[in-house]
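Student: Pasting a structure here, questions to come.
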Amino acid sequence: MLKDNLQQALASLNLEVAEGDYAKTGYHLEVAAQPAQMPEVAQAMLGAGCFLESFTAVDLNESFDLVYHFASFEELCRTAVHVPLGKKKGMPTISHIYPGADWYEREVFDLFGIHFFDHPNLKRLLLPEDADFHPLLKDFGASQGND
Amino acid sequence: METKTGEPLIHLGVLEEALNLARANSLWPMTFGLACCAIEMMAAGAARFDLDRFGAGVFRPSPRQCDLMIVAGTISKKMAPAVVRLYEQMPAPKWVIAMGNCAISGGPFYYPTQYAIVPGADLIIPVDVYVPGCPPRPETLIEGILLLEEKITGRGRLRKFRDVKR
Amino acid sequence: MIELLGIEEKTYTLNLGPQHPSTHGVLRVLLEMDGEFITKAEPVIGYGHRGHEHMAENRNYMQFLPNLGRVDYLHALAYNHAYCMAVEKLLGLTVPERAEFIRVMTNELNRITSHLLWFGAYLMDLGAFTPFLYCFDDREQILDLLDRITGSRLTYCYYRFGGVPTDIDDDFVAGCRAFVKRLRGRWRDYDNLVTKNVIFINRARGVGLITRDQCVKYGITGPNLRGSGIPYDIRKSEPYSAYPLFDFEIPTGSRGDIYDRYLVRLAEMEQSLRIIEQACDKLPGGPIMAEKVPKRVKPAAGEVYQAVETARGEFGIYIVSQGDVNPYRIKLRTPSFANMSLFPELAVDTLVADLVAILGSIDVVIPEIDR
């Protein structure tokens, strides 16, 4: 069972793995990880054959919450990995493990300003290159964007 | 009526009317679909709502070969310089139709704290005809093109040799 | 000889877009070319960025509903569906059966219009104009049907939290049956015009191969994934709405080239017709809206991820609610974003003509990438 394999693999990395309430949230497993552990988590997920479904960040005013979703083509098992990150802190990249994460990380950098260490090409993705604001931050003043 | 080039230096009389008639009946639009309205523009050019019967069916991708720019879709701030450059690359006489609510005034994407779009094509290029809708039906776009033809010739389409009462 | 003459060989940069007939919207690709061959292709996106996720935080749940139709305007009903299902999960609503059937029927009709448009536009990229006219003709039949009950032709906003607002009538069901029969009669025309066309086969066979490893590493979903032989379709793997009640197959390819992806999309249209037929036969009566739908939508704090299968792949919507009338964060996981990130790898060592063919076969919609 993929769910058991994943639970074992993630527990061996000293992470707390909880069962998700699928009917309410859509997850089967919920994991909390620290930023430095993320490359190992990604390697474990790739080893189990999962693909990176989505990656985004949520601005919680005093800190960020980075959310990775993983799923599998073979068996239904969605894993959500929550990584708390302080403001003004950086995050290691996982684009050397999942090349698809390259654009997701660029988008998070563009919209939130979170820096990813060792990213091959960390520049803005959606906004113009010379933009000087990060629009999805909760304290983004609208007047900064309008002409 | 003013085109971008302003009043002509030399008035050619009846020849000018013939030229205007020719220009109005053979508008060559540029394929400039930015977002959802592009699909309705394509549908207007397809078999059911045929734009070709009005002479406007030859969509050219290169701005140097067309005289009508149909701005179909939202203009984002990143895209705005490209729109202006394309407009400047078109040879005169040229006209612009702002198709869809986004091109007229930002559409559903304009709200007071927005950062991403230019709320209206007429902020960056001169617009001749506004075609409202989200997206406008192909018939609406055809109405817009017929209105542009009336603007170019100064006469109504069906009442051929009589002036339009406005 | 070239060295003796002092001639240097260099690569040069060619800019494709953002206004280009074959880029399916405002996409810019910076190509580094060595003669006719492409050594590096870098897509530059963001020309269609309209700030959907920022809008989500600045309006309430009901006001955000029309946005979903504009994210991917070609299969707008699937996006509406995902959002409504996610909010229904947060609110704890159960959708009545008739509404689920109506949602599935309209969703599948929309899927057919999306695939038909891809078919026409793609062949126009490759230089054939006639299939475009055929497809738009078939598409207009569906748009007439959907226009009758939803009110729109393209950017639908038909579903509500708890069901659908207006019911379908017998004319709609009869129209669906007539359309199914008509489109089935058209497959032979499409086969003769395109599938057996030697020019198309030469341009599509063996070009743009996507491997299974790339699918896992980049998160490719949809017909691109199924063309490479992996039978992953959310309607079967993670069933939602009324899909478990229908009998349909998941077509897959074997080689992962453009021709296989093309055949998968054609076969998917046939499977959609099967679903619509079965829905017309089994349509139950009953209410179309759930009971006790709150007038002011204020879900409890929590988060939800809902995935649906759209014409382009998996669309996932991730909503974080903190108990307010406005969502705290909505993330739109669009299939074209992941599919497009594979494009630089597919473009290496191809000719420009093949590049256009590969880009079209991935079936991207740029406002979906840029949101």
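Student: Taking Cα pairs under 8 Å and at least six residues apart, what relative contact order does segment C:2-369 come out at, in percent?
Tutor: Details: 650 pairs, mean separation 91.8, N = 368.
Computed over segment C:2-369, the figure is 25 percent.
Student: In deg cm²/dmol and to the nearest 500, what is the mean residue ellipticity at 222 nm of chain C if only DSSP H runs of at least 4 residues count, each as -39500 (n - 2.57), divided by the residue total? Intermediate values should be presented prior to the final figure.
Tutor: Working: 16 runs with 184 residues, N = 371.
After summing the helix terms and dividing by the residues of chain C, the value is -15000 deg cm²/dmol.
Student: Calculate the FRET efficiency for C:Met33 and B:Asp52 from the Cβ-Cβ distance with a Förster distance of 30 Å, rounded to the nearest 0.05.
Tutor: Efficiency computed from Cβ-Cβ geometry: 0.25.
Student: Then there is this: Could you list the GluC sites (Glu not before Pro) in segment C:1-105 that lie in coil according to DSSP, counting only those with at most 12 other Cβ atoms within 10 Å of their Cβ? Walk me through the numbers before you get to the answer.
Tutor: Working: sites: C:Glu3, C:Glu8, C:Glu9, C:Glu32, C:Glu36, C:Glu53, C:Glu57, C:Glu88, C:Glu97, C:Glu100; in loops: C:Glu8, C:Glu9, C:Glu36.
Qualifying residues, ordered by number: C:Glu8, C:Glu9, C:Glu36.
Student: Please give, to one decimal in nm, the separation of the simple spin-label points placed at A:Ala32 and C:Val352, each 7 Å out from Cα toward the Cβ.
Tutor: With each label placed 7 Å out from Cα toward Cβ, I get 5.6 nm.
Student: Measure nothing but the geometry: give the 0 to 90° angle between the long axis through the Cα atoms of C:97-125 and the longest principal axis through the Cα atoms of chain C, rounded to 10°.
Tutor: 20
Student: Taking only the C-alpha atoms, wrap a convex hull around segment C:2-369 and report its volume per residue in Å³ as a whole number.
Tutor: Working: hull volume 52.1 nm³, N = 368.
Dividing the Cα hull volume of segment C:2-369 by its residue count gives 142 Å³.
Student: Now, a different point. Between 0 and 90 degrees, rounded to the nearest ten: what's the tilt of helix B:14-24 against the longest Cα principal axis of chain B?
Tutor: 30
Student: Still on this structure: Go ahead and estimate [θ] at 222 nm for chain A from helices alone: -39,500 (n - 2.57) per DSSP H run with n ≥ 4, summed, over the residue count, rounded to 500.
Tutor: On the way: 4 runs with 36 residues, N = 147.
Rounded to the nearest 500, it is -7000 deg cm²/dmol.
Student: Taking only Cα atoms of chain A, what ratio of Rg to Rh do you get with Rh as the Kirkwood inverse-distance radius? Numbers along the way, then the final one.
Tutor: Working: Rg = 16.1 Å, Rh = 16.1 Å.
A ratio of 1.00.
Student: Summarise the partner chain shielding of C:337-345 as one whole number: the mean count of Cβ atoms from other chains within 10 Å of each residue's Cβ.
Tutor: Values: counts 6, 7, 1, 1, 7, 2, 0, 2, 1.
Taking all residues of C:337-345 together, the mean is 3.
Student: Taking segment C:244-308, which trypsin sites (Lys or Arg not before Pro) meet the DSSP loop condition and have no more than 14 other C-beta atoms within 10 Å?
Tutor: On the way: sites: C:Arg255, C:Arg261, C:Arg265, C:Arg274, C:Lys282, C:Lys292, C:Lys295, C:Arg296; in loops: C:Arg255, C:Lys292, C:Lys295, C:Arg296.
In loop regions of segment C:244-308 (DSSP not H, G, I, E or B), the sparsely surrounded trypsin sites (Lys or Arg not before Pro) are C:Lys292, C:Lys295, C:Arg296.
Student: Work out the mean other chain Cβ neighbour count within 10 Å for the residues of A:23-34 and drop it here as an integer. If you can, show how the numbers build up before the last one.
Tutor: Working: counts 2, 7, 7, 13, 3, 0, 0, 1, 0, 0, 0, 0.
The per-residue average across the peptide is 3.
Student: Additional query: How far apart, in nanometres, would the label points at C:Glu345 and A:Asp139 be if each is projected 7 angstrom from Cα along the Cα-to-Cβ direction?
Tutor: Result: 4.0 nm between the two label points.
Student: Continuing with the same structure: Tell me, what is the FRET efficiency for C:Leu193 and B:Leu123 to the nearest 0.05, using R0 = 35 angstrom and their Cβ-Cβ distance as r?
Tutor: Working: r = 44 Å, r/R0 = 1.27.
The value I calculate is 0.20.
Student: When DSSP beta bridges are limited to those with both residues in the protein assembly as shown, what percentage is antiparallel, rounded to the nearest 5?
Tutor: Values: 52 of 71 bridges.
Given both bridge residues lie in the protein assembly as shown, the antiparallel proportion sits at roughly 75 percent.
Student: Let me ask something additional. Calculate the mean, over all residues of peptide C:135-143, of how many other protein chain Cβ atoms lie within 10 angstrom of the residue's Cβ.
Tutor: Rounded to a whole number, the mean comes out at 3.
Student: Given the options A:Ala42, A:Ala33, A:Ala11, state which has the largest fluctuation in a GNM of chain A using a 10 Å cut-off (strictly under) for Cα springs.
Tutor: Checking each option, the largest mean-square fluctuation is seen for A:Ala11.
Student: Please work out the FRET efficiency for the pair C:Arg186 and C:Phe129, using the Cβ-Cβ distance as r and a Förster radius of 25 Å; give the result to the nearest 0.05.
Tutor: Values: r = 17 Å, r/R0 = 0.70.
FRET efficiency, C:Arg186 to C:Phe129: 0.90.
Where a number appears in this text, it was derived from the coordinates with a stated rule and is not lab data. Remember, it's a predicted structure, so these values are computed and weren't measured experimentally. Every residue, glycine as well, gets a Cβ built from its backbone with ideal geometry; the counts of neighbours run over all protein chains shown.
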